[in-house]
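Have a look at the structure below, then the notes.
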Amino acid sequence: MSKTVGRPLRADAERSVRAILAAAEHVLAENPAASMEQVAEAAGVTRTTVHRRFANRQALVDALAAEGALKLAEAIEDGHPETAPPLVALHRATANVLRVKGAWGFALGPAVAHSEQAARTHEEIAHRCTELLRRIQAEGVIAPDADLEWVRRVFYALISEVLHGGDVATDGARDPAAGPDAAPDPDALATRIVDTLLHGVGPRPS
């Protein structure tokens with residue numbers, strides 16, 4: 001949950017912070033140099049309100065990074081990585097991550113240096129991901145001698161390529177009935193990522 005340092009925020013203050021962070025994601029994704037005044041205007045609040053919640057622009061960006069990391073952690077948890085069948089959990093978590101990264105691209109992008117809070121969350125996400133891969137390995141889908149840290153990094157790289165690799169990465173993941181400009185289907189993209197991660201691009205055994 002988004003909080004500034006100190007006492008827990010009241011419900012109205014919490015809503016205000018969430019509105020500011022959502023506006024900051026939208027504004028900064030379009031213009032990384034945008035001012036706090038522009039963020040305030042997009043959020044529908046006064047400049048004073050933004051400065052009351054965030055001491056300066058860096059504090060706002062740090063909070064945005066923490067919010068994006070939290071959304072990502074929630075996306076992983078929604079896949080039930082400890083209790084769902086591991087391949088089901090991996091597919092669902094992957095599709096969820098694609099949705100979150102698509103919606104919070106600035107907060108989760110390379111232009112934003114991780115705050116301490118965000119860094120801790122990303123470390124926990126990496127741990128959860130590795131543990132899920134360990135469950136898959138226990139089922140014999142991943143080679144028993146595979147380096148799971150390397151597998152996790154390949155998994156991350158596949159997600160990044162899908163999100164930033166352009167039309168080649170998303171080709172075939174759109175619904176033809178929705179037209180050529182439709183957004184790729186996260187579930188179809190997740191299937192492609194998981195299949196490539198676990199089986200590579202070689203011929204499947206008969």
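The values are calculated or read from the model by the stated rules, or taken from the named source; none is laboratory data. Predicted, not measured: the structure shown is a model, and the values here were computed from it. Glycine gets a Cβ as well: all are built from the backbone with ideal geometry, and neighbour counts include every protein chain shown. Protein only, heavy atoms only, side chains kept; ligands, DNA and RNA dropped before computing areas. Shrake-Rupley method; radii C 1.70, N 1.55, O 1.52, S 1.80 Å.
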Among (1) within 16 Å of the chain's Cα centre (by Cα); (2) at pLDDT 95 or above; (3) more than 27 Å from LEU60 (Cα to Cα), there is one condition GLU161 misses while meeting the rest; what is its number? (2)
Can you name the number of the only condition in (1) closer than 22 Å to ARG15 by Cβ; (2) open to solvent by less than 80 Å² (accessible area, probe 1.4 Å); (3) of a type in the set (Ser, Thr, Tyr) that SER160 fails? (1)
Would you be able to say whether some residue in the stretch 75-89 is without any contact (Cβ under 8 Å) to a residue 40 or more places away in the chain, farther than 22 Å from LEU198 by Cα and part of a helix (DSSP H, G or I)? no
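For (1) in a loop (DSSP other than H, G, I, E, B); (2) open to solvent by less than 50 Å² (accessible area, probe 1.4 Å), each residue gets a yes or a no:
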{"position": "ARG99", "(1), (2)": "no, no"}
{"position": "LEU108", "(1), (2)": "yes, yes"}
{"position": "LEU133", "(1), (2)": "no, yes"}
{"position": "ILE136", "(1), (2)": "no, yes"}
{"position": "PHE155", "(1), (2)": "no, yes"}
Find all pairs meeting these conditions: Cβ atoms under 7 angstrom apart; at least six residues apart or on different chains; first residue within the stretch 187-203 and more than 12 Å from VAL154 (Cβ to Cβ); second residue surrounded by 13 or more Cβ atoms within 10 Å (Cβ to Cβ) and polar (S, T, N, Q). LEU189/THR170; ALA190/THR94
For the condition under 16 Å from the mean Cα position of the chain (by Cα), among the charged types (D, E, K, R) and open to solvent by 80 Å² or more (accessible area, probe 1.4 Å), what is the one hit in GLU74, GLU30? GLU74
Output for the stretch 61-71, where each listed residue is surrounded by fewer than 20 Cβ atoms within 10 Å (Cβ to Cβ) and more than 11 Å from the chain's Cα centre (by Cα): ASP62
So is GLU124 free of Cβ contacts under 8 Å to residues at least 12 places away in the same chain and either over 10 Å from the mean Cα position of the chain (by Cα) or open to solvent by less than 50 Å² (accessible area, probe 1.4 Å) (or both) or not? no
Taking the stretch 36-60 and the residues there that are open to solvent by 40 Å² or more (accessible area, probe 1.4 Å) and polar (S, T, N, Q), the one that is nearest to HIS127 (Cα to Cα) would be GLN58
If you scan the stretch 83-119, which residues turn out to be under 25 Å from GLN58 (Cβ atoms), of a type outside the set (D, E, K, R) and more than 14 Å from the chain's Cα centre (by Cα)? ALA111, ALA113, SER115, GLN117
